[in-house]
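First comes the structure, then the notes that go with it.
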Amino acid sequence: MPTRRALGALLAAGLGRPALAQTARPPRRSADPDIAFPAAGPRPWAAQVRQIRIGLLGGENEADRLGRFGAYRDLMEATFKVPARLYPASDYAGVIQAFGARQLDIANMSPAAYAATWMDTNGGVEPLLTTEEADGSISYVAVMLARADSGIATLADMKGKAMAWSDPNSASGYLIPRFALRRQGVNPETYFGRTGFAGGHEQAIIAVLQGQYDAAVTWASGQGDVNAGYTRGTLRAMVDKGLLDMHRMRVIWTSDPIINGPQTVRSDLPEAFKEDMRLFHLALPRAHPEIYRQIERGGGAGYREVTHQDYILMIEMRRQEAAERRRRN
């Protein structure tokens, strides 16, 4: 296992800029000119996959998630001629556990949730694609926010204050901030006066707005206008829904880049199913741009193929976090 120093060096180099695993061909991208949306019609793999079960991570209220993914589900049914069903979980753990119980076929995971699922299932899941940002990168950032009227302007101002984590299985909302703060010499167990889990990214921001916590961490593309909530992420989604005015918030800390989470499938599913899922998503931004924008909560450049190797560092970080927890106990 890499040491903390080795992991820190890799994080400093940028989690969003890993060397993509070497394959026989370059990773396919939505921007490739020869990417075409799959033709509609029955598939041989339907004999094994009689229903496409789509997991939805927590972090946003259930009605909004179902609303954003409704047209996506309908398109999947119309394309592959099998029923598709959405399974919204109340938190990240729900999707992780559902994969472990073989109750899901595909889900868009955070990088930390993918790592947890891969570990819990002994390699029973694999990544297909990740999101490409507007500038062609495949990374996002964790941001820590406080209310603009709180007098909190920097991380130093958070000493002794109340911090809201989003979800224990979130990279940006828990794992990465804690890892990065330890690298900065800040012990998250003692630095803050109080910490707690808000129940999701959106809930964490609302808890700060309502004065229940002094700051929270969530995910953002890190690109575009901060006052619009960046180009993509929790903040942008909340701004678009009228739940947040970014002028009421102040970003007080930003992480190094983090590799975007993958579209994840069970490893035991037919290879033809996995390839159809790759092509469906790769072609989605051009073929059905509004559906793409809805499920990605903002704009981007589409998707890019990834492999398990791209998430090895996240797995090692989860192992380190587990070791830290055992040491504290």
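Out of all the residues in region 156-170, which are at pLDDT 95 or above, touching a strand residue (DSSP E or B) at 6+ places or on another chain (Cβ under 8 Å) and assigned to a loop (DSSP other than H, G, I, E, B)?
LYS161
Checking ARG250 against (1) in a strand (DSSP E or B); (2) touching a helix residue (DSSP H, G or I) at 6+ places or on another chain (Cβ under 6 Å), which single condition isn't satisfied?
(2)
Does at least one position in region 267-285 carry a residue that is within 25 Å of ALA156 (Cβ to Cβ), outside any helix (DSSP H, G or I) and touching a Pro at 6+ places or on another chain (Cβ under 9 Å)?
Within region 267-285 (the criterion being within 25 Å of ALA156 (Cβ to Cβ), outside any helix (DSSP H, G or I) and touching a Pro at 6+ places or on another chain (Cβ under 9 Å)), the answer is no, since none of the residues qualifies.
Taking the criterion of being surrounded by fewer than 20 Cβ atoms within 10 Å (Cβ to Cβ), in the same structural domain as MET317 (by TED's automatic domain parsing) and part of a loop (DSSP other than H, G, I, E, B), would at least one residue in region 50-57 satisfy it?
Yes, region 50-57 has at least one match.
Output yes when any residue across region 73-84 is modelled with pLDDT of 90 or more, within 18 Å of the chain's Cα centre (by Cα) and outside the structural domain of LEU244 (by TED's automatic domain parsing), and no when none is.
no
Mind checking which pairs have a first residue in region 210-238 that is touching a residue at least 40 places away in the same chain (Cβ under 8 Å) and not assigned by TED's automatic domain parsing to the domain that holds PRO177 and a second that is outside any helix (DSSP H, G or I) and charged (D, E, K, R), Cβ under 7 Å, 6 or more apart or different chains?
If the second residue must be outside any helix (DSSP H, G or I) and charged (D, E, K, R), no pairs are left.
Of ALA153, ALA134, which residue is in a loop (DSSP other than H, G, I, E, B) and at pLDDT below 95?
Within the list ALA153, ALA134, the selection yields ALA134.
Residues in region 320-328: is at least one aliphatic (A, V, I, L, M) and in contact (Cβ under 8 Å) with a residue 40 or more places away in the chain?
No: zero hits.
Whether any residue in region 254-269 is over 20 Å from the mean Cα position of the chain (by Cα), at pLDDT 95 or above, farther than 30 Å from LEU181 by Cα and among the basic types (Lys, Arg) is what I want to check.
no
ILE176 passes all but one of (1) under 30 Å from GLN263 (Cβ atoms); (2) assigned to a loop (DSSP other than H, G, I, E, B); which number fails?
Here ILE176 meets the rest and fails (2).
Are any of the residues in region 165-180 touching a Gly at 6+ places or on another chain (Cβ under 8 Å) and surrounded by fewer than 20 Cβ atoms within 10 Å (Cβ to Cβ)?
Within region 165-180, not a single residue is touching a Gly at 6+ places or on another chain (Cβ under 8 Å) and surrounded by fewer than 20 Cβ atoms within 10 Å (Cβ to Cβ).
Just name the residue that is nearest to GLU305 (Cα to Cα) out of those in region 267-284 that are surrounded by fewer than 20 Cβ atoms within 10 Å (Cβ to Cβ) and of a type outside the set (A, V, I, L, M).
My answer is ARG278.
Kindly indicate which of TYR213, TYR114 is at pLDDT 95 or above, buried (at least 18 other Cβ atoms within 10 Å of the Cβ) and over 30 Å from GLU305 (Cβ atoms).
Only one candidate qualifies: TYR213.
The values are calculated or read from the model by the stated rules, or taken from the named source; none is laboratory data. Since this is a predicted model, take the numbers as computed values, not measurements. Every residue, glycine as well, gets a Cβ built from its backbone with ideal geometry; the counts of neighbours run over all protein chains shown.
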